[in-house]
Amino acid sequence: MTSPLDPPTILDATDRLAWRASAHAALDVALDHLDGIRGRAVWQPVPDQAKQALLEPLPREGQGLDDTVAAFRDSVLPYGNGNTHPRFLGWVHGSGTEAGVVAEMLAAAFNANLGGREHAAIYVEKQVIAWMRDLFGFPKTASGLLVSGTSMATVIGLAVARQKVLGQSVRSQGNGAHGLVAYTSAEAHSAIAKAFELLGLGSECLRRIASRDDFTLDVGALEAAIRADRAAGFRPFAVIATVGTVNTGARDDIEAIADIAAREKLWLHVDGAFGALAILSPRHKDRVKGIGRADSLAFDFHKWLHVPYDAGCILVRDGAAHLAAFSSRPDYLSGAARGLAAGEPWLCEYGPDLSRGFRALKVWMTLKTYGTDALGAAIAANCDLAQYLGQCVERDEALQLMAPVALNIVCFRVCPEGMDERQRDGLNGEIVMQLHERGIAAPSLTRVRGRAAIRVNITNHRTTAADLDALLAGVRMIADKLSVTS
Ligand SMILES: Cc1ncc(COP(=O)(O)O)c(C=O)c1O
């Protein structure tokens, strides 16, 4: 029986067979893209025609799935960031997996909201958190949450630290004149200062401690800074260590920093954005020694686990403190003893988001599909390739290694005779741009001790030694051409 109140259209297709054919064809577009990845340029500029196609007015009439997928295939898909390509070597990007493609599709079909309540998706996220808690040696009473990335995970970890030191009133009355100070290395990621800004503590209260020659935090300088701050009347409350700094992959001495944190009663937050998951490689797990002593740990699945963007994680040793920092349950969100509204505590009580997507599925599926042995082996292979590249650089007199290869990052520069350091900065910047524009490889550019460096980050399970040879050949070819024309 139909009613005049029934909607004129529902959004589900009426021709079910045609819809399935269209959906399968769309999946083929995705799979074809991945199958052909090695044959394409790493990156190519977005042409005007594609930009123009993305300036159309808001569609009042639908164009149907086939035409919409075709628009995506023609105007978006060829002009990506390139991080699924084996010679994408820039910043710190994961390279994605085929299981991730399927997981995203299944998660969309399920369309779960993981803010809370009693349903199976919640148990998938709890399973992932329990796996991570045990992997990193956190106690059973620890808590965790999947978030957009390490930036958000850092905000959450430090919000719990702030609440621990200032007490529950910080939620109703704000920070007040807090006098709080915290410490991290000069090499720490900018996300940490941003977290201090967002929490209203101000980035000036984050002391940047000088790093040693190997780019790790200088533990002696940390102790001296704490002493000086206490003498000046400040309240030290946290220290942030990094496992795998973004610029060079350096690993702070977590054990030594944890000892200082314990003695000084400071919250220890570890930024393990990519480096934490080195724990999955039996050959490299020593490099994260002490990570289980953190009060909070932020890391990403979308980097070295290759889970499709976005997927990060926060673990907090004191689960009760974590809950106290974020829990808020107005009447319309109250729980129940039974039924759909059960399932206490809800996951929205561990972070700022109420509505939460099913990120956990792609993490759970990645771990189950490949297993930690294969994922750890991919991490180990990346570290071996970084060593290989570092040795190639050291063997070439025209190249200079700019930092020790601590994990998976290699920073180097081309140093032609007869150029001063400023000219070399310009040359290396131009080389990186041309590598991108020619579609050869995509390293990124950074500064190491103030000098421009070609930065090769290998968090890519598709990269081979031949890809690194091709990168170096590209660097030398462009450098030669530029030296001739300059
Ligand atoms: C060491 C480190 N910390 C924090 C971040 C920020 O992580 P996300 O981009 O997932 O927010 C990064 C990103 O590369 C990083 O390398």
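Tell me which residues, restricted to segment 224-275, are assigned to a loop (DSSP other than H, G, I, E, B) and of a type in the set (Lys, Arg). Spell out the reasoning first.
Step one: filter segment 224-275 for residues assigned to a loop (DSSP other than H, G, I, E, B), giving 232-234, 244-250, 252-253, 265-266, 272-274.
Of everything in segment 224-275, just one residue is assigned to a loop (DSSP other than H, G, I, E, B) and of a type in the set (Lys, Arg), namely Lys265.
Going by what's in this entry, would Thr68 be described as assigned by TED's automatic domain parsing to the domain that holds Ala26 and more than 26 Å from Ser296 (Cα to Cα)? Working first, answer last.
Numbers: assigned by TED's automatic domain parsing to the domain that holds Ala26: yes; more than 26 Å from Ser296 (Cα to Cα): yes.
Yes: the conditions hold for Thr68.
What is the residue count in segment 120-140 for residues that are under 17 Å from Pro345 (Cβ atoms) and either at pLDDT below 95 or part of a loop (DSSP other than H, G, I, E, B) (or both)?
1
Counting only residues that are under 9 Å from the mean Cα position of the chain (by Cα) and among the charged types (D, E, K, R), which one in segment 280-323 is nearest to His269 (Cα to Cα)?
Residues of segment 280-323 under 9 Å from the mean Cα position of the chain (by Cα): 299-304, 309-312.
Still in the list and also among the charged types (D, E, K, R): 300, 303, 310.
Details: Asp300: 15, Lys303: 19, Asp310: 21 Å.
Ranking the candidates gives Asp300 first.
Looking at segment 300-310, which of the residues that are touching a Ser or Thr at 6+ places or on another chain (Cβ under 8 Å) and within 9 Å of the ligand (Cβ to nearest atom) is farthest from Ala153 (Cα to Cα)? Show your work before the answer.
So the first thing to find is which residues in segment 300-310 are touching a Ser or Thr at 6+ places or on another chain (Cβ under 8 Å), and the list is 300-301, 303-308, 310.
If we keep only those that are within 9 Å of the ligand (Cβ to nearest atom) as well, we get 300, 303, 310.
Details: Asp300: 9, Lys303: 14, Asp310: 12 Å.
Among residues in segment 300-310 that are touching a Ser or Thr at 6+ places or on another chain (Cβ under 8 Å) and within 9 Å of the ligand (Cβ to nearest atom), the one farthest from Ala153 (Cα to Cα) is Lys303.
Test Ala195 against the stated conditions and say whether it is closer than 19 Å to Gly249 by Cβ and crowded, with 16+ Cβ neighbours inside 10 Å. It would help to see each step written out before you state the result.
On the way: closer than 19 Å to Gly249 by Cβ: no; crowded, with 16+ Cβ neighbours inside 10 Å: yes.
Judged against the criteria, Ala195 is not a match.
Out of the residues in segment 350-403 meeting the condition of being in contact with a strand residue (DSSP E or B) (Cβ under 7 Å, 6 or more places away or on another chain) and in a loop (DSSP other than H, G, I, E, B), tell me which one is surrounded by the fewest Cβ atoms within 10 Å (Cβ to Cβ).
The qualifying residue surrounded by the fewest Cβ atoms within 10 Å (Cβ to Cβ) is Ala398.
Kindly list, by first and then second residue, each pair from a residue in segment 330-349 that is surrounded by 10 or more Cβ atoms within 10 Å (Cβ to Cβ) to a residue that is part of a helix (DSSP H, G or I) and not basic (Lys, Arg), limited to pairs with Cβ atoms under 7 Å and residues at least 6 apart or on different chains.
Matching pairs, first to second residue: Gly343/Ile122; Pro345/Leu323; Leu347/Ile122; Leu347/Glu125; Glu349/Leu323; Glu349/Phe326.
Among the aliphatic types (A, V, I, L, M), closer than 19 Å to Ala386 by Cα, in a helix (DSSP H, G or I) and at pLDDT 95 or above: is that true of Val456 in this structure?
On the way: among the aliphatic types (A, V, I, L, M): yes; closer than 19 Å to Ala386 by Cα: yes; in a helix (DSSP H, G or I): no; at pLDDT 95 or above: yes.
Judged against the criteria, Val456 is not a match.
Identify the residue in segment 276-295 that is out of contact with any strand residue (DSSP E or B) (no Cβ under 8 Å at 6 or more places or on another chain) and in a helix (DSSP H, G or I) and, among all such residues, is nearest to Ala193 (Cα to Cα). Please lay out each step first, then the result.
Narrowing segment 276-295 to residues out of contact with any strand residue (DSSP E or B) (no Cβ under 8 Å at 6 or more places or on another chain): 279-286, 289-290, 292.
The next check asks that each one be in a helix (DSSP H, G or I); those that pass are 279-280, 285-286, 292.
Details: Ile279: 26, Leu280: 29, Lys285: 28, Asp286: 28, Gly292: 23 Å.
Once the filter is applied, the top-ranked residue is Gly292.
Say we look at segment 226-272 and pick out the residues that are among the small types (Gly, Ala, Ser) and closer than 19 Å to Lys303 by Cα; which of these is nearest to the ligand (Cβ to nearest atom)?
Here the answer is Gly244.
Mind checking which residues of segment 367-411 are of a type in the set (Phe, Trp, Tyr) and over 23 Å from the mean Cα position of the chain (by Cα)? Show your work before the answer.
So the first thing to find is which residues in segment 367-411 are of a type in the set (Phe, Trp, Tyr), and the list is 370, 388.
Within segment 367-411, Tyr388 is the sole residue that qualifies.
So Leu315 fits all but one of (1) under 30 Å from Leu166 (Cβ atoms); (2) of a type in the set (A, V, I, L, M); (3) part of a loop (DSSP other than H, G, I, E, B); what number is the exception?
Unmet for Leu315, out of (1) under 30 Å from Leu166 (Cβ atoms); (2) of a type in the set (A, V, I, L, M); (3) part of a loop (DSSP other than H, G, I, E, B): (3).
The values are calculated or read from the model by the stated rules, or taken from the named source; none is laboratory data. Remember, predicted model here, so these are calculated numbers, not experimental data. Glycine also receives a Cβ, built like all others from the backbone with ideal geometry; neighbour counts cover every protein chain displayed.
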